[in-house]
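What follows is calculated from the coordinates using simple rules that are stated; it is not laboratory data. As the structure is a computational prediction, the values presented were derived from the model and not from experiment. So basically every Cβ, Gly included, is an ideal-geometry build from the backbone, and we count neighbours across all protein chains shown.
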Amino acid sequence: LALLDDHEVVRRGTALHLSRDARFRIVASHARSDELIDSLQQMRVDVAIIDLTLARDDRSASELTPLLREHFPRVTLLAFATLSPSIHINQLIATGVSGVVSKAEPLPMLADAIVRVSQGLPRLPPDCTLPGDCEELSRNEREVLELLLAGLTVSEIALRR
């Protein structure tokens, strides 16, 4: 595993937690993306856990993830981030991130996510879904939605049903 997080407490705490799990071996831990790239050029890394919001003078996630995908296609990328409405999960997946773990999730979820993405499976926070993961609306649900979009109130729709 390689870790990239500009917050020392988060980086060291994550490394300490994961080092206690016999399934993982941390081979690199860095605060800057250039340092991570240097490590990836020198050693084999299966999964890189990358913070999406690095220091202002470092690369943005939208710059870093395509760069890592292009130069290190065999490294699985797991985003570790404080999720907010401004972070678009679908865009992350499109740029080559295999999974996302919110820093608000319980710590054991990080280990589960590492295992999942290392098996080639996508991993998203529990409250997120990928497009296409939802079931299609039933005929009845589509009709109700069309009536709502047409401006009818819930009471008016109920009278029609």
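Below are the figures for this structure:
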item	result
Packing-based exposure ordering (other Cβ within 10 Å, fewest first) of 109, 43	43, 109
Net charge dipole size for the chain [Lys, Arg +1 and Asp, Glu -1 on Cβ; Debye, nearest 20]	400 debye
The chain, helix-only ellipticity at 222 nm - DSSP H runs n ≥ 4, -39,500 (n - 2.57), divided by all residues, nearest 500	-12500 deg cm²/dmol
For segment 53-67, 3J(HN,Hα) per residue [Karplus equation, 6.51 cos²θ - 1.76 cosθ + 1.60, θ = phi - 60°, Hz, x = Gly/Pro]	10, 7, 4, 4, 8, 10, 6, 7, 4, 5, 8, 6, 5, x, 5
For the chain, built as a Gaussian network whose Cα springs stay under 10 Å, the top-fluctuating residue of 33, 98, 138	138
Estimated FRET transfer efficiency (residue 7, residue 34; beta-carbon r; R0 22 Å; 0.05)	0.80
Pairs of alpha carbons in the chain whose separation is greater than 21 Å (percent)	51 percent
Using θ = phi - 60° and Karplus 6.51 cos²θ - 1.76 cosθ + 1.60, couplings along segment 141-152 (whole Hz; Gly, Pro as x)	5, 5, 4, 4, 4, 4, 5, 4, 5, 7, x, 6
Positive minus negative residues near residue 34 (Lys, Arg vs Asp, Glu; Cβ under 13 Å)	-4
C-alpha long axis of helix 8-19 to longest principal axis of the chain, angle in °	90 degrees
Relative contact order computed over the chain (Cα-Cα under 8 Å; 6+ residues apart), in percent	16 percent
Between segment 30-70 and segment 1-16, the Cα center-to-center distance that results, in Å	13 Å
Amide proton proximity set for residue 101, modelled H, under 5 Å, gap of 5+	79, 80, 81
